[in-house]
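The structure appears right after this line, and notes come after that.
Read-outs throughout are calculated quantities, based only on the coordinates presented, and are distinct from any laboratory measurement. Keep in mind that what you see is a predicted model, and the values were worked out from it rather than measured. Every residue, glycine among them, receives a Cβ derived from its backbone with ideal geometry; neighbour counts consider all protein chains shown.
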């Protein structure tokens with residue numbers, strides 16, 4: 001390890017920046033945020049630095065000297081940064097630093113630098129620094145971006161909360177091991193959840209309650225997470241954080257393996273999926289599993305395909321949790337209609353074709369009988385039919401019966417957003433025969449409306465759409 005990782009307290013201490021351009025601006029901004037007294041030296045100082053000095057003139061922490069660098073500029077400084085585009089000047093700054101025993105960073109020149117400015121993730125007072133030792137700064141920035149996605153802005157508020165309570169926690173829990181377990185409980189419990197929801201006052205009360213309980217068992221909770229339609233890249237950042245923090249994951253059948261692989265490695269994964277005509281795990285059983293694990297103090301993720309509030313029975317599950325006093329939160333997911341339309345090149349709304357979208361479930365005959373077919377039969381709207389593969393013939397007949405033209409374009413999107421995605425294009429009159437000829441299987445979404453025809457021109461993902469004519473020729 002060539003560079004010793006270190007966080008320096010620069011508050012009210014003098015730091016020298018040599019250079020007046022845009023690179024210097026970035027360094028000066030960070031130094032000022034750290035409370036340093038910054039002196040900038042350069043014959044030509046840019047407008048951005050001049051504005052910074054003018055805006056902060058009352059604080060007086062930024063001094064601009066329009067002059068050529070000389071060794072005397074090091075007098076009284078504890079740190080220096082060379083940020084010019086002149087290699088000779090940068091080398092003189094580095095050499096002066098070595099003579100004066102002052103640490104110097106020469107921007108993007110590791111061999112002249114005695115310290116490296118890392119890529120940072122700022123969740124103050126929590127700050128994460130990443131460095132490649134100057135050999136691959138692009139890699140360090142890429143790692144920073146990955147870390148940024150894992151920790152939301154509430155982490156800083158959570159750290160500040162712990163700082164305020166640190167003394168009382170230490171007094172209440174003098175044993176180091178017990179105190180560590182308590183902090184872990186806070187991080188993975190309701191206190192962190194409340195801070196994440198920006199309810200800091202409630203988090204303070206919850207922390208006080210947790211501290212009163214001391215080292216007793218933690219209280220469990222449930223997070224309802226929408227996994228999206230299959231492509232792991234469509235999982236939200238909040239969904240990813242919940243998966244990586246879960247003790248138990250109750251997941252539906254249609255949640256992809258790629259999404260499950262993002263979960264915490266030691267989390268217990270329990271499949272609770274249901275297929276058409278095969279309810280091997282009943283909804284009551286799912287309710288009891290959530291209750292059992294939450295009451296045991298575990299963080300439970302109820303992972304659902306698509307969005308939990310769009311034909312996902314998420315509302316029923318929350319009602320059950322609320323009735324039993326189990327804390328919960330919801331992380332929305334990208335529902336199948338949006339994802340399948342986008343990945344098939346079908347805009348669900350379009351100024352020339354459709355001004356509204358209807359999301360409809362058609363997973364059984366009874367549900368088909370309860371739909372408002374007269375409203376669904378109107379023109380200039382898009383209908384997205386979930387779980388309708390088994391009822392294509394009845395869907396076709398009802399829509400035509402209630403006024404929709406047999407020539408209305410339709411698309412069947414099978415395994416939308418997944419590598420095996422297929423798109424079958426036909427007209428409403430051909431819907432059932434096209435689906436049968438293509439041997440379409442669940443999961444599949446049916447899109448009815450003029451926008452479906454745009455898939456021919458706007459298709460971009462996976463195999464090209466298969467038309468009814470191509471199916472006939474193949475037969």
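Summary of values
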quantity	calculated
In nm, spacing of pseudo-spin labels at residue 122 and residue 213 (7 Å Cα→C-beta vector)	3.6
Using a Förster distance of 56 Å, the FRET efficiency for residue 26-residue 361 (Cβ separation, nearest 0.05)	0.60
Share, in percent, of DSSP beta bridges within region 337-474 that are antiparallel, nearest 5	70
Length gained when the stretch residue 168-residue 433 is fully extended (0.36 nm per residue, less Cα-Cα span)	88.3 nm
Degrees between helix 314-323 axis and first principal axis of the chain (Cα, 0 to 90, nearest 10)	70
Relative contact order for region 1-77, counting Cα pairs under 8 Å that sit 6 or more residues apart, in percent	32
Ranked packing of 111-123, 303-315, most packed first, by mean Cβ within 10 Å	303-315, 111-123
Three principal axis lengths of region 162-211 [C-alpha, angstrom, descending]	31, 18, 17
Packing-based ranking, highest mean first, of 222-231, 25-34, 261-270 given that Cβ atoms within 10 Å are counted	222-231, 25-34, 261-270
Structure-derived Cα extents along the principal axes in Å - corresponding label in [x] 90, 57, 41; [y] 57, 52, 45; [z] 83, 55, 49	[x]
Backbone N under 15 Å from the residue 288 label point (7 Å along Cα→Cβ), restricted to region 316-352	none
Two-decimal Rg to Rh for region 1-73 - Kirkwood Rh, Cα set	1.00
For 408, 361, order by how many other beta-carbon atoms lie within 10 Å, fewest first	361, 408
Stretch gain in nm, segment residue 464-residue 136, where the contour uses 0.36 nm per residue and the Cα spacing is subtracted	114.1 nm
Relative contact order %, the chain, counting alpha carbon pairs below 8 Å whose residues are six or more apart	9
Inverse mean reciprocal Cα-Cα distance (Kirkwood Rh) of region 11-166, Å	16.7
Net length gained if the chain between residue 34 and residue 397 were fully extended (0.36 nm per residue, minus Cα distance)	123.8 nm
Counting DSSP beta bridges with both ends in the chain, the antiparallel % (nearest 5)	35
Nearest 10 degrees, 0 to 90: helix 200-213 Cα axis against the chain principal axis	90
Protection proxy ranking of 194-205, 95-106 - average other beta-carbon atoms within 10 Å, highest first	95-106, 194-205
Sites residue 108 and residue 11, calculated FRET efficiency, Cβ-Cβ separation with R0 25 Å, nearest 0.05	0.40
Kirkwood estimate for region 221-331, i.e. one over the average of 1/r between Cα atoms, Å	13.6
Ratio of Rg to Rh over region 116-249 (Cα coordinates, Kirkwood Rh, two decimals)	1.02
Region 120-178 - percent relative contact order, Cα under 8 Å, separation 6 or more	35
Nearest 10 degrees, 0 to 90: helix 176-187 Cα axis against the chain principal axis	50
Theoretical FRET efficiency, 1/(1+(r/R0)^6), r = Cβ-Cβ of residue 270 and residue 204, R0 45 Å, to 0.05	0.85
Rg [Å, one decimal], Dmax [Å, integer] - region 337-474, C-alpha atoms	13.4, 37
